[in-house]
Amino acid sequence: MDKGAWRGRLLRWRDELGPADRRRRNEHIAAWVQRWLAQRKPGVLMAYYPIRSEVDLTAAVQWARGRGWTVALPRVEGPGQMSAVVVSRWDALRPGAFGIPEPQGASLNPRELDVILVPGAAFDRRGHRLGYGRGFYDRFLPDAVHARVAGAAYREQWVETLPTDPHDVPVQYVVVEQGVWCVREGRFLDLGRIRDGDGRR
């Protein structure tokens, strides 16, 4: 399948997840993100505001903020261009491009980011990401030279191999219900277990 077929197929599947199943899956993935972040020194975390049927990592992001992480969210600056802006207050977010809530204020230098959490339509075992076709992250990530970049997806969105283009920027980790997959090592990180059996490896 080409990128368009993969994108359409997996986004339709994601949109059809039932509320209870989605909530349970989100809890698993957020728990793994929290465990992964707990092993790192607090720094600057760029997350994303979940829209439509994206994996909701709000619980992990709020946890990180309460433990000393500075949290930033994307802000669209123009066609295919975005920046990272620190969230001062969650109730201060304002609808931006595409109606997605965005923070106000000055943007950060991407070199200041320590961890970036990325949504997507799909990821593969090599870290390749299938986004939504606008190229925002492919343009932004090369400048975030110090950041650990992790994609967040439901396990059905994590596939063996995706079609790629030369400009595609892979992630270093993929977080699914089973754990945090390290692309370089080709295995799940040893972060223990979470309680519900569906998330265990």
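No value in this document is a laboratory result; all are computed from the given coordinates. Being a predicted model, the structure only gives us computed values, none of them experimental. Note that we place each Cβ from the backbone using ideal geometry, even for glycine, and neighbour counts take in every protein chain shown.
Taking region 85-110 as the range and being surrounded by 19 or more Cβ atoms within 10 Å (Cβ to Cβ) and in contact (Cβ under 8 Å) with a residue 40 or more places away in the chain as the test, only E102 passes. Applying the selection to region 97-123, what residues are within 17 Å of G78 (Cβ to Cβ) and among the aromatic types (F, W, Y)? The answer is F98, and nothing else.
Select from region 53-82 the residues that are of a type in the set (S, T, N, Q) and free of Cβ contacts under 8 Å to residues at least 40 places away in the same chain and write down the one among them that is surrounded by the most Cβ atoms within 10 Å (Cβ to Cβ). Quick ask: steps written out before the conclusion?
From region 53-82, those of a type in the set (S, T, N, Q) are 53, 58, 62, 70, 81; that's our starting set.
Now drop any that are not free of Cβ contacts under 8 Å to residues at least 40 places away in the same chain, which leaves 58, 62, 70.
Details: T58: 13, Q62: 15, T70: 17.
My answer is T70.
Candidates are the residues of region 111-153 that are of a type in the set (V, I, T) and touching a strand residue (DSSP E or B) at 6+ places or on another chain (Cβ under 7 Å); the one that is nearest to Q39 (Cα to Cα) is V115.
Across region 50-75, the qualifying residues are those that are under 21 Å from E156 (Cβ atoms) and of a type in the set (V, I, T), and the one among them that is farthest from the chain's Cα centre (by Cα) is I51.
Here the condition is being out of contact with any Phe, Trp or Tyr (no Cβ under 8 Å at 6 or more places or on another chain) and within 20 Å of Y132 (Cβ to Cβ); of R94, R89, R67, R75, it holds for R75 alone.
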